[in-house]
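As structure tokens, the structure follows; a few thoughts come after it.
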Amino acid sequence: MTILDKRIVILLRTTFIILTLLACSFSCYAGDLSSQNLKIHASLSEYNYNSNVEIEKLFRENLNDFGNIIYTIIPMGVVVSIDGYAFYGEGKDTLTPNACCLLDIIARLIKTIDKPCIVESNTTSTAFETSTYLTNWELSLVRANNIVSYLISKEISPDKIRANGFGEMFPFISNPQNNMQERIDFVIFNYEKRN
């Protein structure tokens, strides 16, 4: 691949991301989910953002309409695991219109708590015949980067958010009946002081 070819690919991907962001912004307000669903359900001032239990409660109260979500408190903070199909179709890397509405709420919550976050994509797709990706690892990296790009477009500081893709390396073994192998994990870092 020549330098010119690489620049063309980068330009096309950048254009694609910008068009996706514009389409998501429009369809969130004109699509299946109305703008009234974007209201944060609880008063944001009610929470103590230094408590992992309170951070989990904030996310739980505001994301309860979005289906299969698992919350896990870990020593470094809170993991919000959301079914990957809430964001992407099988083998796809384009955010769905409903995903944009969900990400609008997540962006507001992350901005409110002002904690660092890593977006981790876990992908077990088998639809590579029609995909430009050869492995789940590649697909999961692109998916995580697309979500981070979208959140940055919603004024999340790039210093506060990172993307990581794991492919099928980390199955959700603690609760396999939920079938959350295709998932996006939002890892909110909040180290609590222990007495």
Neighbour-count order for Arg143, Arg60, Arg183, Arg108, fewest beta carbons within 10 angstrom listed first: Arg60, Arg108, Arg183, Arg143
Likely footprinting exposure, Ser157, Ser125, Ser140, Ser149, fewest C-beta neighbours within 10 Å first: Ser157, Ser149, Ser125, Ser140
Of Lys111/Lys154; Lys92/Lys115; Lys115/Lys154; Lys57/Lys111, those spanning more than 18 Å from alpha-carbon to alpha-carbon: Lys92/Lys115
Sorted by Cβ neighbour density within 10 Å, fewest at the top, the residues Phe59, Phe189, Phe66: Phe189, Phe66, Phe59
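All of the numbers you see were taken from the coordinates with simple rules; none came from a lab. The model shown is predicted, which means the values in this text are computed figures rather than measured ones. Reconstructed Cβ throughout: ideal geometry from the backbone, glycine too, with neighbour counts over all protein chains shown.
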